[in-house]
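What follows is a set of notes on a single structure, which appears directly below.
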Amino acid sequence: MNPLLETHALTKRYGDTAVFANADLQVQPGEFVAVLGESGVGKSTFLNCIAGLDTVNEGSVRINGTCITALGESQQALFRRAHLGFVFQAFHVLPHLSVAHNVALPLLLLGQPNPARVQQVIDAVGLQGLESRLPQTLSGGQMQRVAIARALVHQPQLILADEPTGNLDPSTAARVLDVLVAQVREQGAACVLVTHSRAAAARADRVMTLTATGMVEGEQTSSLPLDGRGARIDSLPLDGGGIRIDSLPLDGGGLGRR
């Protein structure tokens, strides 16, 4: 079986400093892979490079046979919109839109409105009855379930999840992981989850560790917080590789670069 996602010798530098180098990863259709790594090793940047949200210095990314690193920015945005779903630590739900409108956004930007599908995923993540609520009236766990529903509503081939439980207490984090894993399985999507949390990584089919010199099998770090709430240098919203909320509207289901 051909991998759905394949990164080959992926290398990212800022100036003369390599964030990571020679990162190889293969993910099969339907596979759930967790990526661990020390703070500052570039886990969020690695996800951004997979999605074409950040440039790479060397190497390639292929998703379902399409070489993402060979596409122009507008082509990458269109590809993200149709084929990828994103779940972030900071939720990135739009505060002025209701739950239903947040979830519907990827379909609307694809020109494929489908209220029945929106309701289906809202029900699936346990938010029925909250469709008209605004994000500021929701708990953190509820907002993350909105983000999961939004990531899955357009039935993408690949979900990229960046520390999705990092802002949640352990019991809420466990419930959100239950929803994420169940819905990824039900949709038949592949998922790459980057995390500090051993509990989150334990839910995956396979665990990899990103290091400065590449990707290695299994857990190779020694200082991972147990509850996944550790401060993360590589995910700060204004760092070189972070995804910013003000880029949300640019490609909706995919989130574009400024």
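The values are calculated or read from the model by the stated rules, or taken from the named source; none is laboratory data. Since the structure is predicted, the reported quantities are computational estimates derived from the model, not experimental observations. Quick reminder, even Gly has a Cβ in these numbers, built from the backbone with ideal geometry, and neighbours come from all protein chains shown. The area values use the complete protein model at the heavy-atom level, side chains included, leaving out ligands, DNA and RNA. Shrake-Rupley method; radii C 1.70, N 1.55, O 1.52, S 1.80 Å.
Shape verdict for the stretch 29-84, please, from the Cα gyration tensor: rounded (a/c under 1.5), prolate (a/b greater than b/c) or oblate. Provide the component values of the computation, followed by the final result.
Numbers: a/c = 1.99, a/b = 1.35, b/c = 1.47.
It is oblate, given that a/c is not under 1.5 and a/b is not larger than b/c.
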- request: Express the C-alpha Rg of the chain as a ratio against the empirical globular expectation 2.2 N^0.38 Å, rounded to two decimals.
  value: 0.93
message: Of Ser44, Thr137, Val153, which is farthest towards the positive pole of the chain's charge dipole, taken about the Cα centre with +1 and -1 on the beta-carbons of Lys, Arg and Asp, Glu respectively?
response: Thr137
task: Using θ = phi - 60° and the Karplus relation 6.51 cos²θ - 1.76 cosθ + 1.60, list the HN-Hα couplings for the stretch 56-65 in order, rounded to whole Hz, with x at every Gly or Pro.
output: 10, 8, 8, x, 8, 10, 10, 10, 6, x
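DSSP beta bridges in the stretch 125-218, what fraction antiparallel, as a percent rounded to 5? Spell out each step's value before the answer.
Working: 4 of 9 bridges.
In the stretch 125-218, DSSP labels about 45 percent of beta bridges as antiparallel.
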- prompt: Say a paramagnetic label sat at a point 7 Å from the Cα of Val181, along Cα to Cβ; which residues of the stretch 29-55 have their backbone N under 14 Å from it?
  reply: 32-34
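Give the peptides 188-195, 2-9, 107-114, 34-41 in descending order of average Cβ contacts within 10 Å, highest first. Mind dumping the intermediate values first?
Working: 188-195: 24.5, 2-9: 17.8, 107-114: 13.9, 34-41: 20.9.
Answer by packing, highest mean first, reads 188-195, 34-41, 2-9, 107-114.
Please report the carbon-and-sulfur percent of the accessible area for the chain; probe 1.4 Å, protein heavy atoms only, DNA, RNA and ligands left out.
Details: 5480 of 10520 Å².
Ligands and nucleic acids excluded, carbon and sulfur give 52 percent.
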The chain - share of DSSP beta bridges that are antiparallel (%, nearest 5): 50
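Based on the Cα atoms of the stretch 25-143, what semi-axes does the equivalent ellipsoid have, where each is the square root of 5 times one gyration tensor eigenvalue, given in whole Å with the largest first? Could you put the intermediate results ahead of the total?
Numbers: eigenvalues 171, 66, 38 Å².
Computed over the stretch 25-143, the values are 29, 18, 14 Å.
What does the accessible area per residue of the chain come to in Å², with a 1.4 Å probe and no ligands, DNA or RNA counted? Let's see the in-between values first.
Values: 10520 Å² over 258 residues.
On a per-residue basis, 41 Å².
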- prompt: So how far, in whole Å, is the C-alpha centre of the stretch 1-40 from the one of the stretch 54-95?
  reply: 13
Spacing of the two label points (7 Å from each Cα toward its C-beta) at Thr213 and Met1, in nm: 3.3
message: Using a 1.4 Å probe on the protein heavy atoms only, what accessible surface does Ile50 show? Give it in Å² to the nearest 10.
response: 0
